[in-house]
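Each value in this text was obtained by applying a stated rule to the coordinates, not by laboratory testing. Given the structure is predicted, the values throughout are model-derived calculations rather than measurements. Here Cβ is always computed from backbone atoms with ideal geometry, including for glycine, and neighbour counts include all displayed protein chains.
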Amino acid sequence: MAGFYEAISKKAKGIVYDLGTGSGILSSWAAPNSELVYAVEINKSIAERARANLKDLDNIEVICADATKLSFSKKADVIICEMLDTALIDEEQIPVLNSVRKYLKDGGITIPYGIINCIEPVQVETEYICYEEDGHPQNRVLGEPLFYSRINFLSYTATTFKEYLDIKIKTSGIVSGVKITTFTLITNNIICGPTPMLNSPLIIPVERTNVYSGDELQLYLSYEMGGGLGSVRARIKKIHSRS
Ligand SMILES: C[S@@+](CC[C@H](N)C(=O)[O-])C[C@H]1O[C@@H](n2cnc3c(N)ncnc32)[C@H](O)[C@@H]1O
């Protein structure tokens with residue numbers, strides 16, 4: 001929240017959209033230096049709560065609507081969109097920005113402006129895809145982190161991610177999962193790693209595979225950004241053994 005506060009209080013100006021405003025907190029930080037803030041929220045009762053929270057700030061208009069279906073009458077200098085989730089799978093950040101980006105003025109900015117995803121092979125006991133919270137489920141990292149994707153919110157991003165990734169093993173053990181960690185690029189000099197509230201690392205089980213230091217695995221990973229955790233598929237196979 002401190003990172004978002006610093007970015008918004010320094011950079012919000014002119015016409016601002018806050019997409020997925022929730023309680024309205026980010027709009028309230030944008031209002032003092034902006035001409036007008038459109039705070040958009042799809043959920044009716046949440047939008048009513050935002051309206052109540054923001055009632056004393058007369059340059060904020062709360063709009064209860066699906067941001068992907070809205071036509072805005074004024075273009076934005078700044079688009080704030082905090083519908084973040086690990087690898088952007090379980091929230092609508094990408095579909096929403098893909099539809100609204102055309103309303104951003106030339107030279108306009110988004111807050112945050114992107115994310116970086118990293119993946120690691122882990123030894124873990126879980127049959128289900130889950131978030132790592134307070135160190136649970138316990139997991140042992142067996143390989144090098146691979147920074148496998150970087151997304152810039154100013155550019156169109158296909159919602160489907162589908163790739164084969166090469167993973168290097170550093171420690172012997174049994175690979176039974178992969179862990180995705182997402183770093184949020186709030187501004188050029190504010191990068192936020194996972195916190196219990198924002199983008200906890202995601203653990204995805206894979207076939208149990210005995211590995212030794214120096215082995216290389218090929219991981220097939222696919223998911224739909226905005227498609228939910230049910231869209232995730234992951235398979236591994238050993239492509240190179242140390243001996
Ligand atoms: C993770 S919450 C973030 C709330 C707020 N931005 C914050 O930082 O506290 C995402 C919000 O986006 C809203 N939302 C999801 N999809 C939306 C859409 N298509 N259009 C507008 N709001 C949406 C959800 O109802 C939820 O309130």
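Relative contact order of the chain, please, whole-number percent, based on alpha carbon pairs below 8 angstrom and at least 6 residues apart. Could the numbers behind the result be given before it?
On the way: 601 pairs, mean separation 44.3, N = 243.
18 percent.
Using 0.36 nm times the number of residues separating residue 23 and residue 147, minus their current alpha carbon distance, what extension gain do you get? Kindly include the intermediate steps, with their values, before the conclusion.
Details: separation 124, 0.36 × 124 = 44.64 nm, distance 3.28 nm.
This chain segment gains 41.4 nm when fully extended.
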Sort 7-13, 68-74, 154-160 for me by packing, meaning the mean count of neighbouring Cβ atoms within 10 Å per residue, highest on top. 7-13, 154-160, 68-74
Positive minus negative residues near residue 189 (Lys, Arg vs Asp, Glu; Cβ under 13 Å): +1
Restricting to Cα pairs under 8 Å and 6 or more apart, the percent relative contact order of the stretch 114-240 works out to 30
Rounded to the nearest 10, the angle in degrees between the Cα long axis of helix 44-53 and the longest principal axis of the Cα atoms of the chain comes to 60
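Which links in 75/179; 10/105; 11/162; 74/162; 11/74 stretch past 29 Å when you go from one Cα to the other?
Working: 75/179 39 Å; 10/105 18 Å; 11/162 34 Å; 74/162 36 Å; 11/74 18 Å.
Those over the limit are 75/179; 11/162; 74/162.
Compute, for the stretch 2-82, the length of the dipole vector about the Cα centre, with Cβ point charges of +1 (Lys, Arg) and -1 (Asp, Glu) only. Units Debye, rounded to 20. Each step should come with its number before you reach the end.
On the way: 10 positive and 11 negative charges, 22 e Å.
For this selection, approximately 100 debye.
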Taking Cα atoms, how many degrees apart are the long axis of helix 2-11 and the longest axis of the chain, rounded to 10 and kept between 0 and 90? 40
Antiparallel %, DSSP beta bridges [both residues in the chain], to 5: 70
Given backbone amide H placed at 1.01 Å from N, residues whose amide H is under 5 Å from that of residue 225, ignoring those fewer than 5 places away on the same chain, are 160, 161
